[in-house]
Amino acid sequence: MNAHTHRTRWAVVAAALAAAVTVGVGTPALAGTPALAAPAAAATPRPSALPPLDPAALRAALAQRPGADVSAGFVRVTGSTGRFEGTSAEGGTDVDPRGRFRIGSISKVFTATVVLQLAAEGRLDLDSSVRRYLPDFPFASVTVGQLLNHTSGLPSGSDTFWGDGTTGWFEEHRLDAPTPEAVVASMAGLPLDFEPGTAQRYDGMNTFVAGLVVEQVTGHRYADELRDRIIRPLGLHDTDLPDADDPSLRRPATHPYLTVPEADGGGSHRADVTEQSPWPWAEGGMISSAPDLDRFITALFRGRLLPPTQQEKLFTVPDVPVFPGSSHCPDGTACMSMGLERLTSHGVVAWGKTGSRPGSTSGVFATPDLTRKVVYTVDPTALDGTATPYAIGLLATAFGLKPAA
């Protein structure tokens, strides 16, 4: 398997979300919709036709937690259509609804926001080659904007940093801390997978490069720009991007673990993965909490972080096909904007992002008018996607949609 495959196995994939949820009989839900016809349509997203919030259905969805595959689950719903907060966990295990967890690829939304802010300030040009800012970057035809909406065609790079997809490998390597430069350098000598701008394929390599662009343009560490531009102004007290050699997680929402088979085949043991290196950095290394993610997406959608021109790009999806093998947008049409992912069905439209690190899978989504905002997190005990149906059920139920049988 290549690195792209390993990363996919560690995520709640939007393709699975789209394929496994229905509204009514045979109606696909939360699938990528056709690209918006014009920027004007993207700038003023239509309100969503939301079903009423159903707390009883959410409690039932939480109670369906598969004990062997998920050690804990949590969902928070806010907005003008109602509020809900609920948890499910193994006996004797506490879940702190305001605790912190590793948000994985939700970090990409923060990174895209910083890049769009720099564009608004005239400090970088989204249509310019990445090489303008990173002279040694090997792909002259890739633009900064194509990094953000995953149309760059960048190769996935080496398997070295992602391992073999097994819990045993991760237990042994959970404190490894490769640098962003080393990750990006693993593309050396590889060709582009497709002509930039002609297709969309979700790939975290784009965001590693985007983080390096931020550092080059500002002359500051990416983590410092993130803190000064988003975390402090919004008062996100539970949100940060630790240094790669800092595995700690203070005040965790849960205590995630992985089930690791014994080498001799004689059973298994639990590997506590509360502490692990946040080396995925701008691509997936951040830590946050449900209240902070709620506050962040609220501020983002209300235009507190971006002026109108850049805000429009959050809700504009390129009109390109999905590259074969992509882990997102299963209907074959792009669903990623410059920072967000669009999910829709029967007039219910939500934008947001999923994220995953070993032991923690989460998501934050909201309707464009913020009438409903959803944050969820579940703790898978494996890396093979067996927890995905449970996460799907929580997200679908929170938006009033019916998970498929």
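The values are calculated or read from the model by the stated rules, or taken from the named source; none is laboratory data. The structure presented is a predicted model; accordingly, all values stated were derived computationally and were not measured. Note that each Cβ is placed from the backbone with ideal geometry, even for glycine, and that neighbours are counted across all protein chains shown. When the accessible area is computed, the model is the full protein with side chains, heavy atoms only, and any ligands, DNA or RNA have been set aside. Shrake-Rupley method; radii C 1.70, N 1.55, O 1.52, S 1.80 Å.
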Practice prompt. Select from the range 365-382 the residues that are under 18 Å from the mean Cα position of the chain (by Cα) and not in a strand (DSSP E or B) and list them in ascending order.
Written response: Thr367, Pro368
Discussion item. For the range 368-396, give me each residue that is at pLDDT below 95 and of a type in the set (S, T, N, Q).
Written reply: Thr386, Thr388
Item to complete: Could you identify the single residue in Ser362, Ser356 that is assigned to a strand (DSSP E or B), open to solvent by less than 10 Å² (accessible area, probe 1.4 Å) and touching a residue at least 60 places away in the same chain (Cβ under 8 Å)?
Response: Ser362
Item to complete: Kindly check whether there is at least one residue in the range 308-320 that is in a loop (DSSP other than H, G, I, E, B), out of contact with any helix residue (DSSP H, G or I) (no Cβ under 7 Å at 6 or more places or on another chain) and aromatic (Phe, Trp, Tyr).
Response: no
Item to complete: Looking at (1) charged (D, E, K, R); (2) open to solvent by 20 Å² or more (accessible area, probe 1.4 Å); (3) modelled with pLDDT of 95 or more, find the lone condition where Lys108 falls short.
Response: (2)
Worksheet entry | Selection count, the range 70-92, where residues are open to solvent by less than 50 Å² (accessible area, probe 1.4 Å) and in a loop (DSSP other than H, G, I, E, B) | 3
Worksheet item: Any residue in the range 253-260 that is open to solvent by 10 Å² or more (accessible area, probe 1.4 Å), in contact with a helix residue (DSSP H, G or I) (Cβ under 7 Å, 6 or more places away or on another chain) and not charged (D, E, K, R)?
Response: yes
Worksheet item: If only one of Ala382, Ala391 is among the aliphatic types (A, V, I, L, M), out of contact with any Lys or Arg (no Cβ under 9 Å at 6 or more places or on another chain), surrounded by fewer than 24 Cβ atoms within 10 Å (Cβ to Cβ) and in contact (Cβ under 8 Å) with a residue 60 or more places away in the chain, which one is it?
Response: Ala382
Worksheet entry | Among residues of the range 318-348, those that are over 18 Å from Gly204 (Cβ atoms) and crowded, with 24+ Cβ neighbours inside 10 Å, counted | 2
Discussion item. Return the residues of the range 222-261 that are within 23 Å of Asp176 (Cβ to Cβ), at pLDDT 95 or above and charged (D, E, K, R); say none if nothing qualifies.
Written reply: Asp240, Asp243, Asp246, Arg250
Discussion item. Cβ contacts < 8 Å: first residue farther than 17 Å from Cys329 by Cα, restricted to the range 186-206; second residue open to solvent by less than 20 Å² (accessible area, probe 1.4 Å) and of a type in the set (Val, Ile, Thr), any location; separation 6+ or different chain. Result?
Written reply: Leu192/Val142; Pro196/Val142; Pro196/Thr151; Met205/Val183
Fill in: In the range 197-215, residue surrounded by the most Cβ atoms within 10 Å (Cβ to Cβ) [restricted to those that are over 25 Å from Asp176 (Cβ atoms) and not basic (Lys, Arg)]
Gln200
Item to complete: Mind telling me which of the residues Leu124, Leu148, Leu175, Leu134 ends up being modelled with pLDDT of 95 or more, under 30 Å from Arg250 (Cα atoms) and not β-branched (Val, Ile, Thr)?
Response: Leu175
Practice prompt. Go through the range 128-185 and count every residue that is more than 22 Å from the chain's Cα centre (by Cα), of a type in the set (Lys, Arg) and assigned to a loop (DSSP other than H, G, I, E, B).
Written response: 0
Worksheet item: Would you pick out the residues in the range 160-196 that are within 14 Å of Val130 (Cβ to Cβ) and either open to solvent by 40 Å² or more (accessible area, probe 1.4 Å) or of a type in the set (D, E, K, R) (or both)?
Response: Leu192
Worksheet item: Looking at Arg123, is it touching a residue at least 60 places away in the same chain (Cβ under 8 Å), of a type in the set (D, E, K, R), assigned to a loop (DSSP other than H, G, I, E, B) and out of contact with any strand residue (DSSP E or B) (no Cβ under 9 Å at 6 or more places or on another chain)?
Response: yes
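One line per residue, one yes/no per condition, for (1) over 21 Å from Glu181 (Cβ atoms); (2) among the aromatic types (Phe, Trp, Tyr); (3) open to solvent by 20 Å² or more (accessible area, probe 1.4 Å):
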{"site": "Thr113", "(1), (2), (3)": "yes, no, no"}
{"site": "Ala120", "(1), (2), (3)": "yes, no, yes"}
{"site": "Leu124", "(1), (2), (3)": "no, no, no"}
{"site": "Val130", "(1), (2), (3)": "no, no, no"}
{"site": "Ala140", "(1), (2), (3)": "no, no, yes"}
{"site": "Gly145", "(1), (2), (3)": "yes, no, no"}
{"site": "Ser158", "(1), (2), (3)": "no, no, yes"}
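This table checks each residue for (1) part of a loop (DSSP other than H, G, I, E, B); (2) modelled with pLDDT under 95; (3) under 15 Å from the mean Cα position of the chain (by Cα).
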{"residue": "Arg270", "(1), (2), (3)": "no, no, no"}
{"residue": "Pro278", "(1), (2), (3)": "yes, no, yes"}
{"residue": "Ser288", "(1), (2), (3)": "no, no, yes"}
{"residue": "Ile297", "(1), (2), (3)": "no, no, yes"}
{"residue": "Leu300", "(1), (2), (3)": "no, no, no"}
{"residue": "Met338", "(1), (2), (3)": "yes, no, yes"}
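Here is a yes/no grid of residues against (1) of a type in the set (S, T, N, Q); (2) farther than 30 Å from Thr198 by Cβ:
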{"site": "Phe315", "(1), (2)": "no, no"}
{"site": "Val322", "(1), (2)": "no, no"}
{"site": "Ser327", "(1), (2)": "yes, no"}
{"site": "Gly332", "(1), (2)": "no, no"}
{"site": "Arg357", "(1), (2)": "no, yes"}
{"site": "Thr371", "(1), (2)": "yes, yes"}
{"site": "Ala382", "(1), (2)": "no, yes"}
{"site": "Leu395", "(1), (2)": "no, yes"}
Fill in: Among (1) over 16 Å from the mean Cα position of the chain (by Cα); (2) surrounded by fewer than 22 Cβ atoms within 10 Å (Cβ to Cβ), the one test that Leu226 misses
(2)
